[in-house]
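See below for the structure under consideration.
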Amino acid sequence: VWARALEDVGVHVAYGLPGYKIHAKLTLVVRREQHKLKRYLHLGTGNYNPSTGKLYTDYSFFTANEELANDVAELFNALTGYSKYSGYQKLLVSPLNTRSKIIEMIEREIAWQEQKGNGRIVMKMNSLVDPKTIRALYNASCKGVRIELIVRGICCLKPGIANVSENIRVVSIIGRFLEHSRAYYFFNGSNEELYLGSADLMPRNLDDRVETLFPVLEPTLIQRVLGDLELMLADNEKAWQV
């Protein structure tokens, strides 16, 4: 009904890709400013929904970064059938490369751990189910990487097992508002990287949906989000230790 109403007044409605649920939360605004086109992006971890917006906690990022704008524009072209682009420079996009890039960054922390002994990973998500990612985290734990996970719901990883996951800590937090944001932090030898977005580490999010994780590029913003994660890991009121 809404699609027909929009099309009746001249809106181009894109119906998505057959077989894939589009779960990414992205807005691209193109404006003509001083005889030039300027692109603005809103990238989020939560739904564009006025009801859940009052009940969920999420991260919301507004930027005019050109590299991110190029990736988002290419993604919209792919979703509307104008391209089969796969060479994203900044975005992680499911079902193309989210799992492989996350595992690649986990393996990079192993290398830092072996080189400098300072490997660290902090992840916050709704659910942790994907077997390949869990195996990569187990492997990182065995190599000494410090791993801290904030998983609100389903967690198929078992922390604290000797010689398997003894360097992994998992907490679950359910507070006044639904914990909905996804954050993936890698210390990366002090060259910290942080990704936010819509994707949980579940096969359905990595294989059967269009999802995005976007990098936070500004160091002060990385520290701001990391501060939130550290506060959650220090919580002695709402956090449940798995």
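Per the listing Glu192, Glu237, Glu211, the residue uniquely of a type in the set (D, E, K, R) and farther than 19 Å from Met105 by Cα is Glu237.
Looking at Tyr185, Tyr195, which is the one that is open to solvent by less than 70 Å² (accessible area, probe 1.4 Å), within 19 Å of Leu43 (Cα to Cα), in contact with an Asp or Glu (Cβ under 8 Å, 6 or more places away or on another chain) and part of a strand (DSSP E or B)? None of the other options fit; the residue is Tyr185.
Restricting attention to region 44-73 and to residues that are farther than 12 Å from Leu28 by Cβ and among the β-branched types (Val, Ile, Thr), the residue that is surrounded by the fewest Cβ atoms within 10 Å (Cβ to Cβ) turns out to be Thr52.
A quick yes/no check of all residues on (1) within 20 Å of Ile222 (Cβ to Cβ); (2) at pLDDT 95 or above:
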residue	(1), (2)
Ala5	no, yes
His12	no, no
Gly19	no, no
Val29	no, yes
Gly53	no, no
Phe62	yes, yes
Asp71	yes, yes
Phe76	no, no
Thr80	no, no
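Can you find even one residue in region 81-92 that is open to solvent by less than 10 Å² (accessible area, probe 1.4 Å) and among the hydrophobic types (A, V, I, L, M, F, W, C)? Yes - at least one qualifying residue is present in region 81-92. Screening the candidates Leu26, Leu6, Leu41, Leu37 for the property of being open to solvent by less than 50 Å² (accessible area, probe 1.4 Å) and without any contact (Cβ under 8 Å) to a residue 40 or more places away in the chain yields one hit, Leu41. Scanning region 205-221 for residues that are part of a helix (DSSP H, G or I) and surrounded by 16 or more Cβ atoms within 10 Å (Cβ to Cβ) yields Asn205, Leu206.
Among the conditions (1) open to solvent by 30 Å² or more (accessible area, probe 1.4 Å); (2) under 22 Å from Glu179 (Cα atoms); (3) touching a strand residue (DSSP E or B) at 6+ places or on another chain (Cβ under 7 Å), the only one that Phe76 does not satisfy is (2).
The values are calculated or read from the model by the stated rules, or taken from the named source; none is laboratory data. The structure presented is a predicted model; accordingly, all values stated were derived computationally and were not measured. Don't worry about glycine lacking a Cβ; one is built from the backbone with ideal geometry, like all the others, and counts go over all protein chains shown. To get the accessible areas, we keep the full protein, side chains included, count just its heavy atoms, and leave off ligands, DNA and RNA. Shrake-Rupley method; radii C 1.70, N 1.55, O 1.52, S 1.80 Å.
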